[in-house]
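Take a look at the structure below.
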Amino acid sequence: MKETETGSSDLTPLLADADSLENQSPRGLASVSGAVFNICTTMVGAGIMSIPATVKVLGIIPGFAVMFMIAVLVDITVEFLLRYTQSGKSTTYAGLMAESFGSLGSLAVQICVMVTNLGCLIIYLIIIGDVLCGNESGGTLHLGVLQEWFGIQWWNSRAYVILFVVLFVMLPLVFLPHMNSLRHSSAISILLAVVFIAISSAMAIYAFWKGKTQNMRLLPDFANQVSIFDLFTTVPVLVTGFGFHVNIHPIRSELSRPSDMSYAVRISLAISIAIYFSIGFFGYMLFGESIMSDILVNFDQNSDSAIGQLVNNTVRLSYAMHLALVFPVINFSLRTNIDELLFAKKPVLAKDKSRFTILTCLLLALTYTIAIVIPNIWYFFQFLGSTTVVCLSFIFPGAIVLR
C-alpha cells in the first residue's frame, strides 16, 4: 500500500509499529490461545504454593476479596500499558518507560524486571528441591519424594538433584530463542497445575466426607495467632501471584494481531483467579493451621494406604514438573532485559548465538547457586511482592499515565 502525500502522518507511526512487531518474531503468527497459556504460566508459577498459607492468615472471606481486588487492579494497569504501547513506538516495557521518563525510567524497569524474575526462578528451584529432596522447618523434617523412595543418599541431596534438573530439563528449554516456541510447554504446565488442583480438591472433599478436615476461619483470628503485621505480609505474596507485566510485550509482539492482547489478558486473569480460589480453599480445608508456606511440603505425610501415598507423590511431582516448564518463560524476559541493558547497541540476542549461549548459562548458574544457599521461599515472596513486583504491576503503569 502506497503512502499518500497528505493525511498520512497520523497513521505512519502506528503502521510502522505494527510492522516492527511482526518482524520481531520470524513466525509472527502466535495465537490468542498461545498467549493465554504463556500469560497463565507466568502468573500461576510458584505463587500458587503460598496461596493457602495466605488464606490461613487472612481467613477465607478477606483472602478471596483481596485476590479479586488485586486481579482487577492488575487488569487496569495492563490496559494502561497496552494503550500507551499501541499509541507509541516502543515495543518493550523498558522502552515505554523511556518514552515518558528517559533513560532513568528504562533503567528502573530493567532493574525491577531482573530482580523479580531472578527471584521467581530461585523460588522455582527451591520448591523443586523441596519436592524431590525434602526440607526442614521448625525442627520437623519433611522428606522429599526421592528420599521416601530410596532413603537419604548422597546423590539425592538438594545440590545434586537440582543440578540434574537444571542441566537435563531446564537447559534445553531455555535455549529456545522465541517466546512463541514455549507455547506447548506452557500448555502442559497449565494442565499439570489443573491436575494438581483437581487432586488436592478431591483429597479435601474426601477428607470432609470422612470428617477429617481441619477447622477453617472465615475471618482473621486476632485473638490468638494473627496480628495486623501478619495481614500486611500476605498482600505481597498475592501481588507476586498476579505479576505478569514483564511478559506483556514479548507475548504481544508475537501475536498475529497485537490488539488481541487485552482479550488474552482477561481470559488469563479469569483462569488464574479460579485456580487461586480453588487451591486456597481446598488446601486450607485439607491442612488447616498446619499448612506450610510451601503447601507441597505438607504432602509428605505418610498415608495409611499405598494408594494414598501414590496420590501424595503424584501431587508433588506434577507441580514440580509444572514449575520446571514455567522456568523458561520467566527466564526469557529476564535474559532479554539483561541483554537490553548490557548490550543495547548489539544485534538482536536471538541472532547472536555466542552471546545468547553465554548469557543463558550464566543466568542458570547464578540461579542454581542462590537456590542452594537460601532454601526458603517465604522470604523471597515477601521481598519481591513488596518491592519490585509492586513497581512493575502498579507504580510504573500509574506513573506512565500521570506523565
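Note on residue 401 and residue 207: the model spin-label points, each 7 Å out from Cα along the C-beta direction, lie 4.1 nm apart.
These residues, 245, 184, go from largest to smallest accessible area, 1.4 Å probe, as 184, 245.
The mean accessible area for residues of the stretch 32-402, using a 1.4 Å probe and ignoring ligands and nucleic acids, is 41 Å² per residue. Taking the average, over residues, of other Cβ atoms within 10 Å as the packing measure, peptides 258-264, 338-344 rank 258-264, 338-344 from highest down.
In the assembled protein chains, residue 84 presents an accessible area of approximately 80 Å² (probe radius 1.4 Å). If you roll a 1.4 Å probe over the stretch 32-402 with all protein chains in place, what percent of the accessible area is carbon or sulfur? On the stretch 32-402, the fraction of accessible area on carbon and sulfur atoms equals 70 percent. With every protein chain in place and a 1.4 angstrom probe, the accessible-area ranking of 149, 155, largest first, reads 149, 155.
The slack between residue 369 and residue 348, meaning 0.36 nm per residue of separation minus the straight C-alpha distance, is 4.7 nm.
The values are calculated or read from the model by the stated rules, or taken from the named source; none is laboratory data. Note that the structure is a prediction, hence the values are computed from the model and not measured. Backbone-built Cβ (ideal geometry, glycine too); neighbour counts: all protein chains shown. For accessibility, only protein heavy atoms count, side chains too; no ligands or nucleic acids. Shrake-Rupley method; radii C 1.70, N 1.55, O 1.52, S 1.80 Å.
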